[in-house]
Amino acid sequence: MLLRRIWLGAGFIAAAIAVALVYVNLPKPSVAETSAMVVPVDPAPLIADTKAGERSFTVEIADDSGERARGLMFREKMDEGRGMLFVFEATQPVGFWMKNTVLPLDLVFIGQDGIVRAVRRGEPMSEAIIASPEPVRFVLELNAGVAQKSGIETGVRIHHPVIDKVTGTP
């Protein structure tokens, strides 16, 4: 009986040690996975041709799958005249979510011709899908309210060298 209790106690201790070792060795998110992505600011301005005239923005370009996946996640602030332009290889249906995105954002969906197809609002930390009503080639993220304040709405033409290269505009 005593020997059985000793073996049970030793088994319990061994199991506790094994669980502790597994917990200690679980992969932890790296700092890079929980911090804002740093993308260089593009030297060329993005221009929106609105009814009230041209509106200029300084943008970061997210043009590969990793950059598009991270976007503005974990970004705590962004100047009003700044944004991020998401560039896709082809015109396609796209959907975004705001998981791990602290900032409320406007998502401006832009067709292959450089024309705004839709403007949608993104709520911080939401996993709800934000999508364009039709396939697009580009998405511009701005601080919430900036699109309306700047006159960016459906039908507005957006210019940037990356967009103009696709549209064939010199």
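Overview of results
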{"quantity": "Gain on full stretching of the segment that runs from THR167 to VAL38 - 0.36 nm per residue minus C-alpha separation", "calculated": "43.7 nm"}
{"quantity": "Over 28 Å (Cα to Cα) - which of LYS99/LYS149; LYS77/LYS149; LYS99/LYS165 fall in this group", "calculated": "LYS99/LYS165"}
{"quantity": "Amide H partners (placed H, <5 Å) of ALA118, local residues excluded", "calculated": "PHE109"}
{"quantity": "Under 16 Å from LYS51, Cα to Cα: aspartates and glutamates that are on another chain or at least 8 residues apart", "calculated": "GLU153"}
{"quantity": "Relative contact order (%) - criterion: Cα under 8 Å, at least six apart; region: the stretch 117-170", "calculated": "40"}
{"quantity": "Accessible surface of the stretch 77-159 [probe 1.4 Å, protein heavy atoms]: carbon and sulfur percent", "calculated": "51"}
{"quantity": "Per residue, in Å², the accessible surface of the stretch 65-170 once ligands and nucleic acids are set aside, probe 1.4 Å", "calculated": "47"}
{"quantity": "Residue-by-residue Karplus 3J(HN,Hα) for the stretch 149-166, coefficients 6.51, -1.76, 1.60, Hz, glycine and proline x", "calculated": "4, 8, x, 7, 8, 3, x, 6, 8, 10, 10, 6, x, 5, 6, 4, 5, 6"}
{"quantity": "Surface accessible to a 1.4 Å probe, ASP106 within the full protein complex, Å²", "calculated": "10"}
{"quantity": "For VAL102, distant residues with modelled amide H under 5 Å away", "calculated": "PHE74, ARG75"}
{"quantity": "Which of GLU141, GLU123 is most accessible, then next, and so on - probe 1.4 Å", "calculated": "GLU123, GLU141"}
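The values are calculated or read from the model by the stated rules, or taken from the named source; none is laboratory data. Small disclaimer: the values here were computed from a predicted structure and weren't measured. Just the protein is used for accessible areas: all its heavy atoms, side chains included, with ligands, DNA and RNA removed. Shrake-Rupley method; radii C 1.70, N 1.55, O 1.52, S 1.80 Å.
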